[in-house]
Amino acid sequence: MVTAQRVETTDPSSRRLRVPLFRLIVAAVIALLFVACQSSGRRTESDSNSRAVSPTGLSLVVLISIDQLRADRLDRRLPGGLGWIARSGRVFSNARLEHARTETCAGHATMLTGRQPAAAGLPGNTVVDRERMEIRYCVEDQSSRGAILGRRSQPEEGRSPQAFRVSSLGDWLKAEHSDARVYSVSAKDRAAIALGGQRPDAAFWLDRDGTGRMTSSRYYLKELPDWVGTWTVEKILAPVPEVWRHASGDPPNGARPDAFVGESTRWSMTSPHPVKPEGDTVGSIDAFLASPFLDDRTLAFAQELVAHEDLGGRGGIDLLALSLSGTDFIGHSYGPHSQEARDALLRLDRALASFLDFLRDRLGPEHFMVVLTSDHGVLPLPEWGHQQGEGCPLPGGRIHPAEFYEGLSVELDEIFGPGPEQADDIGPSDWFLRNGYEIFFRPETLARNGASIDRVTAVAEQWLAQRPGVARVWNGADLQHGKGNEPMRTLYRNSSFEAGAGADLIIEPAYGCLFTPWPAGTSHGSPHDYDRDVPLVFLGPGIDPGTVAGAAAPVDIAPTLAREMGITAPPELDGSPLLLWEEDSPRSPDH
Ligand SMILES: [Zn+2]
């Protein structure tokens, strides 16, 4: 059955401080005493004073974001690394993203900045530049500093975190401790860059549209370090099998039959799936991405990074942020209840076990900390939801955006008139620019037709609100002026730029309905629980295992880690430090 039930929504507009202020002050005093004790014990006179010393003896903090891992997929019974984290860590079982636009850039931007995505400057995978009425990729940088390393010829678009409006945990760490090392790694550029913050030592990602190698950009490095340079597409793919075989669900194993309507057929709907259709070349990258071997190789790269940079081994504290993308690519293709998703989770569980063993052997279990979370969940395949009697009330559950928005354009033509002279020019894209669920009206079209923005917005809002598959239409101005029901208004505000820079209208899709041009696969991006419920687990020295049912969100990760690392977070954060210990812990002020 579909496990994501509609549940009462936590209201992010009334976030309480998760730890009473008095407790925080007492805890801070205790933390300072810890620092003082540790400092006298661990440092020598010749040690650099610029190295961070945590209250709990940490030397490496590892954030592991599993792209598209729904909270209900973190299973304590898993035998490997995921299960171990779930059993041994402090699990915030009601963790939930606090923004509406549940996309990769936004989810990752909130994790280590302690800010909501729009405040951080990365409200979604794409952002509209209203002045130019252009859609920009969240981590694009067209200047030469964004040039992608290891490519012979440069494309027009480079990559950097220039869109960030705020600093991040790695920046706070380096500001206080210049020797600290900060790295981020992912198969996706946007995940690595959003996790890296303003000035990490480097963000590394897979150059999937270019060379197929692990890369970075000139923003971070003049050139790739020698060891990174060896991570060519041949090296990445060499140990990867030609095909991916998995169970077919006979006997039943908890997932649905391998062949199910709505699953993608691009790399075969059923086992075996081709993984290297063009051998160890860049031509195989797309198939490789939709396989569990992607995360194996990302973790192997991360392991080499830890060894080469001696992360966690030099005194002080280092930070490594990983985003594992395989779950996302597989989930998009086959859905979260598929045999593919189940097998990939088991493989990821094993891969994480060996990665954690590596850290344990190298650093000692008392010196590293792991935070596990995700950037968003996902909607089950609409066809699956329909079969379960849940989900979208529309037949098929899929709404084609082109047909949908074409209808709006025709309506605006009829009411405001394209005008005989411009008849040939007026098309769907002449009235508005569309960015996912966001609509931005084009000033030149309004002017040409003598239509006021207020009237066009009102007409469009009314038309859209009556369409099947639409739960509500948010007016950008109303969002800023406090109109609309909570908690949705706050979720949308956290995904929207300030007045004048944000969208004119935003569509809230109905529960379970998928706006997609594709006849197969599924996605995320809505404010509903299936997209917002994510795992959040902390594990490490001084952290008591257990399950905590209170409100928590990935935006709380950065302030929580700052406290654990003994560094100062900026005062204007949206997140709050989470309590990681029990009442009877030595760290508890009541102890
Ligand atoms: Zn994602």
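Could you tell me what fraction of 2.2 N^0.38 Å the Cα radius of gyration of the range 189-235 comes to, as a two-decimal ratio?
Compared with the compact-globule rule of thumb, the range 189-235 sits at 1.10.
Going highest first, how would you order 386-398, 121-133, 86-98 by mean Cβ packing within 10 Å?
Ranked by mean Cβ neighbours within 10 Å, highest first: 86-98, 121-133, 386-398.
Please list, or write none, the lysines whose alpha carbon is within less than 30 Å of the alpha carbon of Lys188, excluding same-chain residues fewer than 8 places away.
Candidates past the 8-residue exclusion: Lys174, Lys222, Lys235, Lys276.
Out of all Cα-Cα pairs in the range 523-591, roughly what percent, to the nearest whole number, are more than 18 Å apart?
The answer is 48 percent, as a whole percent.
Considering Cα pairs under 8 angstrom that are at least six residues apart, work out the relative contact order of the chain and quote it in whole percent.
Details: 1261 pairs, mean separation 161.7, N = 591.
Worked out over the chain, it gives 27 percent.
Have a look at the range 445-591 and give its Rg and Dmax from the Cα atoms, expressed in angstrom.
Considering the range 445-591 through its Cα atoms, Rg and Dmax are 21.3, 71 Å.
For the chain, what are the DSSP H helices with axial Cα length of 24 Å or more and mean Kyte-Doolittle hydropathy of at least 1.6?
21-42
Using a cut-off of 14 Å between beta-carbons, work out the net charge of the residues near Leu479 (Lys and Arg +1, Asp and Glu -1, Leu479 not included).
-2
From largest to smallest, what semi-axes in whole angstrom does the range 69-118 give when each is the square root of 5 times an eigenvalue of its alpha carbon gyration tensor? Could the numbers behind the result be given before it?
Values: eigenvalues 127, 24, 19 Å².
The three semi-axes for the range 69-118 are 25, 11, 10 Å.
Under Stokes-Einstein, with the Kirkwood radius over Cα pairs standing in for Rh, what whole-number D in µm²/s applies to the range 510-560 at 10 °C and 1.306 mPa s?
112 µm²/s
Choose one of Gly335, Ala321, Phe301: the residue whose Cα lies farthest towards the positive end of the charge dipole of the range 299-345 (beta-carbon charges +1 Lys, Arg; -1 Asp, Glu; about the Cα centre).
Farthest towards the positive end: Gly335.
Leaving out ligands, DNA and RNA, and with a 1.4 Å probe, what % of the accessible surface on the chain is carbon or sulfur?
Carbon and sulfur: 51 percent of the exposed surface of the chain.
Counting pairs of alpha carbon atoms under 8 Å apart in space and at least six apart in sequence, what relative contact order in percent does the range 321-430 give? Don't jump to the answer; show the numbers that get you there.
Details: 45 pairs, mean separation 19.4, N = 110.
Contact order relative to length: 18 percent.
I'm a student and want to see the number: the projected area of the Cα convex hull of the range 355-487, averaged over all directions, in nm².
14.5 nm²
From the convex hull of the Cα coordinates of the range 78-204, what is the mean projected area in square nanometres?
Here the figure is 10.6 nm², rounded to one decimal.
Ordered by packing density, taken as the mean number of other Cβ atoms within 10 Å over each peptide's residues, highest first, how do 475-487, 317-329, 57-69 rank?
Values: 475-487: 14.8, 317-329: 27.2, 57-69: 25.2.
Listed from highest to lowest mean packing, they are 317-329, 57-69, 475-487.
Please work out the C-alpha center-to-center distance from the range 121-151 to the range 247-321 and express it in whole Å.
27 Å
To make sure I understand the rule: partners must be lysines, Cα under 17 Å from the Cα of Lys483, and not fewer than 8 residues away in the same chain. Which ones qualify?
none
Can you pull the Rg over Rh of the range 250-359, Cα-only, Kirkwood?
1.06
Below 8 Å, C-alpha to C-alpha, sequence gap of six or more: please give me the relative contact order for the range 322-385 in percent.
Relative contact order comes out at 38 percent.
Calculate, for the chain, the solvent-accessible area per residue in square angstrom, rolling a 1.4 angstrom probe over the heavy atoms of the protein chains. Intermediate results must be reported in sequence, preceding the final value.
Working: 22930 Å² over 591 residues.
Here the residues of the chain average 39 Å² of exposed surface.
Report the equivalent ellipsoid semi-axes for the chain in whole Å, largest first, defined as the square roots of five times the eigenvalues of the gyration tensor built from alpha carbon atoms.
In descending order the semi-axes read 39, 28, 25 Å.
Just the projected area, averaged over all directions, of the convex hull on the alpha carbon atoms of the range 120-261: how many nm²? Walk me through the numbers before you get to the answer.
Numbers: hull surface 52.8 nm².
Seen from a random direction, the Cα hull of the range 120-261 projects 13.2 nm² on average.
Find the Cα radius of gyration of the range 183-289, compare it with 2.2 N^0.38 Å by division, and give the number to two decimals.
Its radius of gyration relative to the 2.2 N^0.38 Å reference: 1.33.
The values are calculated or read from the model by the stated rules, or taken from the named source; none is laboratory data. Fair warning: this is a prediction, and the values are worked out from it, not measured in the lab. Virtual Cβ from ideal backbone geometry, glycine too; neighbours counted across all protein chains shown. Calculation scope for accessible area: heavy atoms of the full protein, side chains included, ligands and nucleic acids excluded. Shrake-Rupley method; radii C 1.70, N 1.55, O 1.52, S 1.80 Å.
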